[in-house]
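Everything below concerns the one structure shown next.
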Amino acid sequence: MDREQRKNRRRKIVRYISLAVFLLIITLLTVKAYPYVKGLDFRNEEDREKLLSLFDRFDTFWSIIVFVLLQALQVVIAIIPPIQIVGGMMFGWFFGAIFSFAGVMLGTFVIFLLVRFLGRPIVEAFVSDKHLEKFAFLNDEDKLIRILIVLYVIPGVPKDVLSYIVPLTKIKRRDFFMYVMPFRIPAVLLSALFGQSLMSGSYVLMIVLICVFVLIAVLGFVFREKIITGLKTRKKERKDNE
């Protein structure tokens, strides 16, 4: 078995395990939550109040811990849908954003340690060859912090994929978490705000936020490849000049 076959086999195993973990979590949460949310209608203010009262019945400390861990798991296993909206529903936009960002930081930190310890094989198990090739220019980029900030700000760039690729570069862990990761806050904040508006029935705010999400998505779709290509070209020209 050659290297390419081993890599594909390892990638399939990791994805199957990730999918199994995701389905197990979803099943457990569904079984646990179904008796409480059965028959509730988000359009009805009384039903929204009932759901909020259910959140209040759970121990605050453990609900925070579980939520942060789920958010961290979402970063590590990218197939899990983003749960920042749930954070806004449970804790409000402010604390929901704080707890979501804490989970994002924790998950990214775990990835950073795993990649630095296990090396490229763990990255190849989670990241496609297409993405590895696209972001290969980061490996010997001099102004890496600035470039990463740009990438994390661009809508549509797969941030969880970058979380696996970045530890392969020469960036220091302290610099990455101190200077780059804070640029994930705006997206987390918007999602948490959407979650709170969903629970409060603020449909005007929800429509505004949906429009913002759509606009961001369109801008990301239109410009992300151009910006990434521009970054690659800039690096190539600088190397040629040297």
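Quick look at the values:
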| quantity | calculated |
| --- | --- |
| Any pair with Cβ under 7 angstrom, 6 or more apart, that starts in region 113-131 at a residue that is over 22 Å from V157 (Cα atoms) and ends at one that is not β-branched (V, I, T) | R116/P167; P121/R10 |
| Qualifying positions in region 133-173 - out of contact with any Lys or Arg (no Cβ under 8 Å at 6 or more places or on another chain) and under 24 Å from L215 (Cα atoms) | I147, L148, I149, V150, L151, V153, P158, D160, V161, L162 |
| Residue match in region 144-161 (condition: charged (D, E, K, R), farther than 30 Å from V86 by Cβ and touching a residue at least 12 places away in the same chain (Cβ under 8 Å)) | no |
| Index of the failed condition, I185 passing every other in (1) within 24 Å of G103 (Cα to Cα); (2) free of Cβ contacts under 8 Å to residues at least 12 places away in the same chain | (2) |
| Residues (closer than 16 Å to L144 by Cβ, among the β-branched types (V, I, T) and in a helix (DSSP H, G or I)) located in region 154-171 | I165, V166 |
| Any hit, region 149-162, residues being surrounded by fewer than 18 Cβ atoms within 10 Å (Cβ to Cβ), in contact with a Ser or Thr (Cβ under 8 Å, 6 or more places away or on another chain) and either farther than 18 Å from V110 by Cβ or not aliphatic (A, V, I, L, M) (or both) | no |
| Residue list for region 162-182, restricted to those being touching a residue at least 12 places away in the same chain (Cβ under 8 Å), out of contact with any Asp or Glu (no Cβ under 8 Å at 6 or more places or on another chain) and of a type outside the set (F, W, Y) | L162, S163, I165, V166, P167, L168, I171, R173, D175, V180, M181 |
| Residues being modelled with pLDDT under 75 and under 18 Å from the mean Cα position of the chain (by Cα) - total across region 184-226 | 7 |
| Odd one out for R174 among (1) basic (K, R); (2) modelled with pLDDT under 90; (3) in a helix (DSSP H, G or I) | (2) |
| Yes/no for K134 being without any contact (Cβ under 8 Å) to a residue 12 or more places away in the chain and basic (K, R) | no |
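The values are calculated or read from the model by the stated rules, or taken from the named source; none is laboratory data. None of the values given here were measured: they were computed from a predicted structure. So basically every Cβ, Gly included, is an ideal-geometry build from the backbone, and we count neighbours across all protein chains shown.
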